[in-house]
Amino acid sequence: MIKPEPNAVRFEKDSLTVFEKLLQGHNKAKESLAWESSLDNLIEKMTQLPTAPFPTKLMELFDYHYLVCGEDIATIIDKALVIREQMRHKQRYIRMKEKYYSLPFLPKNTYLKRLNVFNHEGELCYYIEGRIYLRLQRLLICLSPRRSKVPLRNLFAVRQKTVRLQDLEIFHYSPFLDLSTTNPRNYYDFFCDYYGKTQLRKYFNTKDLKPKQSEVTLQHMPKTLDEIPRLSTSQQVLWAYFFFRLIGLKLRINVEVAVITRFLLIITKNSLDNYKTTYFYKLLARAPYIKEDKRLITDLEIVKLFFQANKLPTADIENEIQNLMKK
């Protein structure tokens, strides 16, 4: 399939497609609650940009010539290829130089004598020195009578010492291009990815989604026992289930369904008559698996927040959430 030539209108649409796919991935992760406690980290991973010198230069080019000056994307790509031509002799790679002990009784490339690690500028960042020594305890075993022989190579080992001279900078490289890339389409895809990610980051900064969600959740979260009725019935059941577990009483092992049912009816100020016909009793009979997995995870997260607000341990709830997410 031949892709159409890049132009300004198509570039905006393709960049918007990148933005929408990233946003859909974020929303899907948020709904599963797998990333709820670290949405900032999720956004950071989704919008990660390369840090190597070449793509960094291209991003600066785009920021000024496209976003500020409004130049056509084809012109931006032409200028990017010029930058590539100027920088192509500056390919930057981390280099390692290894040297091993080479003795007749030692296996090859086993005992490291010295390892030098150079950065992209060819500067030595750190080195590891290995000093070979004899394992006396094994030698004694080998020499003692009635003992099985120890292979000669097993009598030796190496102690290593690391000397750090300066920090080694590790770059994140672009999956679309490097200094060997000359195909304009790769540069087009690179700029689409960059523009889509910057738009997504701008969207999150503008909407400030995470703080608002947290504020709403905490605002409606019960803080005291009197506020338990504000939870849904299923959440009340889960709260009671894990509360009794917290004090060492496991449902159906140490405490009956009827006891917790009556407890919940008292807390919620309902009649104890015919308690076996209540919804509490029905749900407790199969607690904690009272809903489908995804809906149950949502309720468990709400109950976990309630426990946290009251400074109670949440390990049992978190374990249950993790088990459900693995299914």
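Every read-out reported here was derived from the displayed coordinates using simple, explicitly stated rules and does not represent laboratory data. What you see is a predicted model; the values in this text were computed from it and never measured. Counting neighbours? That spans all protein chains shown, and the Cβs are built from the backbone with ideal geometry, glycine included.
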Q) Projected area of region 220-326, taken from the Cα convex hull and averaged over every viewing direction, in nm²? A) 6.4 nm²
Q | Label point distance in nm, N270-L136, each placed 7 Å from Cα along Cα→Cβ | A | 7.7 nm
**Q.** N41 versus E121: modelled label distance in nm, points set 7 Å from Cα along the beta carbon direction
**A.** 3.3 nm
Q: Grab the other residues whose beta carbon is less than 14 angstrom from that of F191, score K and R as +1, D and E as -1, and report the net.
A: -2
Q) Are there trypsin sites (Lys or Arg not before Pro) in region 220-319 that DSSP puts in a loop and that have at most 14 other Cβ atoms within 10 Å, and which ones? A) K223, K250, R252, K269, R286, K311
Q.
Cβ neighbours within 10 Å, averaged per peptide: list 51-59, 81-89 in order, most packed at the top.
A. 51-59, 81-89
Q | Rg(Cα)/(2.2 N^0.38 Å) for region 47-101, N = residue count | A | 1.60
Q | Links that overshoot a 18 Å alpha carbon limit, given the list K282/K304; K269/K294; K45/K304; K113/K161; K13/K197; K21/K45 | A | K282/K304; K269/K294; K45/K304
(Q) Give me the extension gain from A157 to N109: residue separation times 0.36 nm, minus the current Cα-Cα distance, reported in nm with one decimal. (A) 16.0 nm
Q: Round to the nearest 0.05 the FRET efficiency obtained for A52 and N310 when R0 = 51 Å and r is the Cβ-Cβ distance.
A: 0.55
Q: Grab the beta carbon distance between V9 and D167, set R0 = 35 Å, and tell me the FRET efficiency rounded to 0.05.
A: 0.20
